[in-house]
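What follows is a set of notes on a single structure, which appears directly below.
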Amino acid sequence: MPVLNRIAEFHADMTEWRHDLHAHPELALQEVRTSGVVQAKLREFGVDEIITGMARTGVVGVIHGRGPHSAPGGRAIGLRADMDALPIEEATGLPWASRTEGLMHACGHDGHTTMLLGAARYLAETRNFDGTVYVIFQPAEENLAGGEIMVKEGLFERCPMDKVFGMHNWPTVPAGTFVWREGPMMAAVANITITVTGKGAHGAHPDHGIDPVVVAAQIITALQTIVARTVDPTESGVVTIGHIAGGHTFNVIPESVLMRGTARWFRPEVGDLLEGGVRRLATGIAESFGARAEVVFERAYPPTVNDPEATQLAVRAARAVAGEARVQPMRNPTMGGEDFSFMLNAKQGNYLMLGGGRGGEDFLVHHPRYDFNDEILPVGASYWATLAEQLLPREG
Ligand SMILES: [Zn+2]
Ligand SMILES: [Zn+2]
């Protein structure tokens, strides 16, 4: 793959960093060791400044280039990686598998952190750009919106930049192929919690109670009509109940049932329809059975929307690294969510995917047998470095 030669030279180093991060996964907002490793590496690379403390474990490395635009107040871009792992028991059996029970880097954020570290090393060493590059290592991409916290804690005020860029590995796309999209790329996300409260009774005497299990069953089925019957068929929306808990044994009707799920959409009107539908059906159905439903519809992440101009700049950099044929438009957006959306809402920018597929049995992210493909480390790092050099060119 036509990556930057200097970056290819330290591919083995990057692989080692990635395996170390992989072996020591940390949950959202608890990335203390990871944050420490990132800071130590940035210091070792000789970046000009290291900003810590944003969103608890967040780290921003500041790298000034050479030339008139490199002074404070000059032009600048941000490159962002995420650092958190997931509460999944790893089943890869690899030598660098997680050493922490129940935690795993199953989304490849170990690889994302490593690729950005690789770019930081290269950029600090070569300084072949005129402007300032902020390398942003954010915590808590999964569920806890570390990106939003950094924005709220003044990321773009403390680090004034013209544009911000993000990247995610994708195991079903061939290794080294970039996939891009203008406009909406990933969906808005809401977390749904429904508690149905009835009246407990002996399982043999249902007439003495109000069975919340039966009510929950009706609600789950009815929720599937929201997208099918109330959303414009040409629009996208999802309602999924992924968790149901109630009761303890064969012959007791429990007092309550808890359900949890997710809703996804792109257009705000669809989000309102989904929220309205979940609330109306859950409370209405429960009431019609003499039970009660409490609904929490918590909007977590907005949709990830790419700025067209920034996207074309990202595509140009990707093509320089991977070649024309390995940079492909994404046909449809995905219903996955991404908290880089908060940064894109605050700042013009782009988020793209870098394929990590090995062509055999590729496990999707969040699978216990998934592992980031080390082959693409220099590709991602070269993309970051090329983006910086192209967007902040030196004169003459
Ligand atoms: Zn993930
Ligand atoms: Zn991820």
Next on the checklist: Using each residue's phi in segment 183-196, evaluate 6.51 cos²θ - 1.76 cosθ + 1.60 at θ = phi - 60° and report the 3J(HN,Hα) Karplus result to the nearest Hz, with x for Gly and Pro.
Outcome noted: x, x, 10, 10, 7, 6, 10, 10, 9, 10, 10, 10, 10, 9
Checklist entry - Net charge near Met343, counting Lys/Arg +1 and Asp/Glu -1 over other residues with Cβ under 12 Å of its Cβ? => result -2
Checklist entry - Each residue of segment 297-309 in turn: what ³J(HN,Hα) in whole Hz from Karplus with 6.51, -1.76, 1.60 and θ = phi - 60°, glycine and Pro shown as x? => result 10, 9, 6, 9, 10, x, x, 8, 10, 8, 6, x, 5
Next on the checklist: So if the hydrodynamic radius of the chain is defined as the Kirkwood radius over C-alpha pairs, what does Stokes-Einstein give as its diffusion coefficient at 4 °C and 1.567 mPa s, in µm² per second?
Outcome noted: 58 µm²/s
Next on the checklist: Apply the Karplus curve 6.51 cos²θ - 1.76 cosθ + 1.60, θ = phi - 60°, to the phi angles in segment 202-211 and return the couplings in whole Hz, x for Gly and Pro.
Outcome noted: 5, x, 8, 10, x, 5, 8, x, 10, 7
Checklist entry - When the dipole is taken about the Cα centre of the chain, and only Lys, Arg (+1) and Asp, Glu (-1) are charged at their Cβ, what size is it in debye, to the nearest 20? => result 520 debye
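Give me the net charge of Gly209's neighbourhood, meaning all other residues with Cβ under 12 Å from the Cβ of Gly209; Lys, Arg count +1, Asp, Glu -1.
Residues near Gly209 contribute -2 overall.
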Item to check | Leading residue at positive end of dipole, the chain (Cβ point charges), from His69, Gly337, Thr249 | outcome: His69
Next on the checklist: Per residue, how large is the accessible surface of the chain? Use a 1.4 angstrom probe and give square angstrom.
Outcome noted: 42 Å²
Next on the checklist: Taking amide H atoms as placed 1.01 Å from N in the peptide plane, list the residues 5 or more away in sequence, or in a different chain, whose amide H sits under 5 Å from that of Gly58.
Outcome noted: Gly53
Item to check | 222 nm mean residue ellipticity, helices alone, for the chain (DSSP H n ≥ 4; -39,500 (n - 2.57); rounded to 500) | outcome: -11000 deg cm²/dmol
Checklist outcome for this item: Sorted by chain and then number, the residues having a modelled amide H within less than 5 Å of the amide H of Phe178, at least 5 places away or on another chain, are Val327, Gln328, Gly355
Item to check | Cα gyration tensor category, rounded, prolate or oblate, for segment 332-386 with a/c compared to 1.5 | outcome: oblate
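Taking a 1.4 Å probe, which of Lys199, Lys347 shows the most accessible area, and what order do the others take after it?
So, going from the largest accessible area down, we get Lys199, Lys347.
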Checklist outcome for this item: DSSP beta bridges in the chain: the antiparallel percent, rounded to 5, is 65 percent
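The values are calculated or read from the model by the stated rules, or taken from the named source; none is laboratory data. Model, not experiment: these values are computed from the prediction. In this analysis, Cβ positions are derived from the backbone assuming ideal geometry, glycine residues included, and neighbour counts consider all displayed protein chains. What goes into the accessible areas is simple: the full protein's heavy atoms, side chains included, and nothing from ligands, DNA or RNA. Shrake-Rupley method; radii C 1.70, N 1.55, O 1.52, S 1.80 Å.
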